[in-house]
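Q: I have a structure here, written as structure tokens, and I will follow up with some questions on it.
The values are calculated or read from the model by the stated rules, or taken from the named source; none is laboratory data. Worth saying up front: this structure is predicted, and the values here are computed from it rather than measured. As a convention, Cβ positions derive from the backbone with ideal geometry for all residues, glycine included, and neighbour counts pool all protein chains shown. When the accessible area is computed, the model is the full protein with side chains, heavy atoms only, and any ligands, DNA or RNA have been set aside. Shrake-Rupley method; radii C 1.70, N 1.55, O 1.52, S 1.80 Å.
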Amino acid sequence: MSWGKKDDGRQFIRVEDNGVGMTRETVERFFTQIGKSFYRSPVFNSEKEELRRHGLISTPISQFGIGVLSCFMVADRLEVRTNPGGAGLSRPALDLEVSGPGSLFWTRPGTRRKQGTEITLWLRAGRELNLQHDRKECFSRL
């Protein structure tokens, strides 16, 4: 996790993982749909079993399908860079941008090279947040 300010004064919070990433299908069927949790789908159960066969354990932290919507409590724009990886598979990286809770999801070819997902929340203007450098305190407030 990182946070900071751009030259224009806009603050952001960025979270990155090295997980399985999202395919275009996952984005369209789950990420963009309020109330549809990928982690409760047969698709996830299949992927979870495949990961387990390779000695990996997946423990999702979400369950209700409202994660994207909740971002707009503090942000007015959301950027997502995801790469589902998969050697030899046709699973291209994807970039998304959402300009508000009722906005369209704009997609374009992905720029993330490594597998996983990076989400940047562009915080609402006029709501100056004091993001502390104490990692534990920051996580407790977020």
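Q: Please go through the range 99-115 and pick out each residue that is at pLDDT 90 or above and under 17 Å from residue 68 (Cβ atoms).
A: 106, 107
Q: Now, a different point. Sort out which residues of the range 1-37 are part of a helix (DSSP H, G or I) and in contact with a Gly (Cβ under 8 Å, 6 or more places away or on another chain), and write them in order of number.
A: 30
Q: Okay, next question. Considering only residues that are more than 22 Å from residue 73 (Cβ to Cβ) and either modelled with pLDDT of 85 or more or aliphatic (A, V, I, L, M) (or both), which ones fall in the range 29-55?
A: Of everything in the range 29-55, those that are more than 22 Å from residue 73 (Cβ to Cβ) and either modelled with pLDDT of 85 or more or aliphatic (A, V, I, L, M) (or both) turn out to be 43, 51.
Q: Still on this structure, I have one more. Every residue in the range 4-28 that is open to solvent by 90 Å² or more (accessible area, probe 1.4 Å) and in contact with a Lys or Arg (Cβ under 8 Å, 6 or more places away or on another chain), please.
A: 18
Q: Same structure, new question: Which pairs do you get when a residue that is touching a residue at least 40 places away in the same chain (Cβ under 8 Å), found in the range 1-28, comes within reach of a residue that is of a type in the set (S, T, N, Q) and surrounded by 14 or more Cβ atoms within 10 Å (Cβ to Cβ), reach meaning Cβ atoms under 6 angstrom, with the pair 6+ apart or on two chains?
A: Close Cβ pairs satisfying both conditions: 12/120; 14/120; 17/117; 21/82; 21/83; 21/115; 21/117; 22/82.
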